[in-house]
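Asker: Before we start, here is the structure in question, set down as structure tokens.
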Amino acid sequence: SSELLQLQKLEKINVRWCKRVEEVFETALEAAGRNGNSGIGFDESSQTTTTTLVNLPNLREMNLWGLDCLRYIWKSNQWTAFEFPNLTRVDIYKCKRLEHVFTSSMVGSLSQLQELHISNCSEMEEVIVKDADDSVEEDKEKESDGETNKEILVLPRLNSLILRELPCLKGFSLGKEDFSFPLLDTLRIEECPAITTFTKGNSATPQLKEIETHFGSFCAAGEKDINSLIKIKQQ
């Protein structure tokens, strides 16, 4: 809602053991729909929409623990876009119903993210999910062109990624984008039995020396793409 635009000074989010929380940030459209209104950013006469940009420039840390009903942290769509230019640390623990953390359109604003730790989320399927609208557009482009240029998503400062006890996790991201992690030097994937690949596109990790898993640690130095290493070790 409009209150989101007033959160310019927010530096840290700590939400712990709130059993009924379903969403951390509610968008204007959802709030309006819940209240029986048409929604901010929608002009019924012209049938057009405008995007509300929610920028949280001072948010540096987010900790979400024990939120049993949490389904969405934030919903990015054609009406609302979120940016977190100084977010450095995200820690998510025991959020049973959460299926993903970010959408692919949010990655560009995560330029300062250094630590991403996710554990004990029983329904988490992927960390970064493809935007619904992008998926539709991608399918249309394939039909018309037969081929599309691959997008490269970069997490320039991410150095520590820990994925632990995520029984439904299939991969970090299952979209077709390539990823670049220029500073990633710590990667732990533990008790994630459903994972088959890290990303469907290529993943560049020039600083990664070792991958730690519950079935051992493996040298990643010299690997052009960590997907191949994960596939081999999971077999």
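Asker: Distance cut-off 19 Å, Cα to Cα: go down the list K130/K200; K9/K94; K19/K96; K96/K200; K209/K231 and report the pairs above it.
Answerer: K9/K94; K96/K200
Asker: Still on this structure, I have one more. Return the sequence-ordered ³J(HN,Hα) values of segment 91-97 in whole Hz as given by the Karplus equation 6.51 cos²θ - 1.76 cosθ + 1.60 applied to θ = phi - 60°, using x for Gly and Pro.
Answerer: 10, 10, 9, 6, 10, 4, 9
Asker: What is the set of long-range amide H partners of V129 at a cut-off below 5 Å, with H atoms built 1.01 Å from backbone N?
Answerer: For V129, whose amide H was placed from the backbone, the distant partners under 5 Å are V101, F102, T103, S104.
Asker: Put C219, C69 in order of accessible area, largest first, 1.4 Å probe: what do you get?
Answerer: The ordering from most to least exposed comes out as C219, C69.
The values are calculated or read from the model by the stated rules, or taken from the named source; none is laboratory data. All values reported here derive from a predicted model rather than from experimental measurement. For the accessible areas, the whole protein counts, side chains as well, though only heavy atoms, and no ligand, DNA or RNA atoms are used. Shrake-Rupley method; radii C 1.70, N 1.55, O 1.52, S 1.80 Å.
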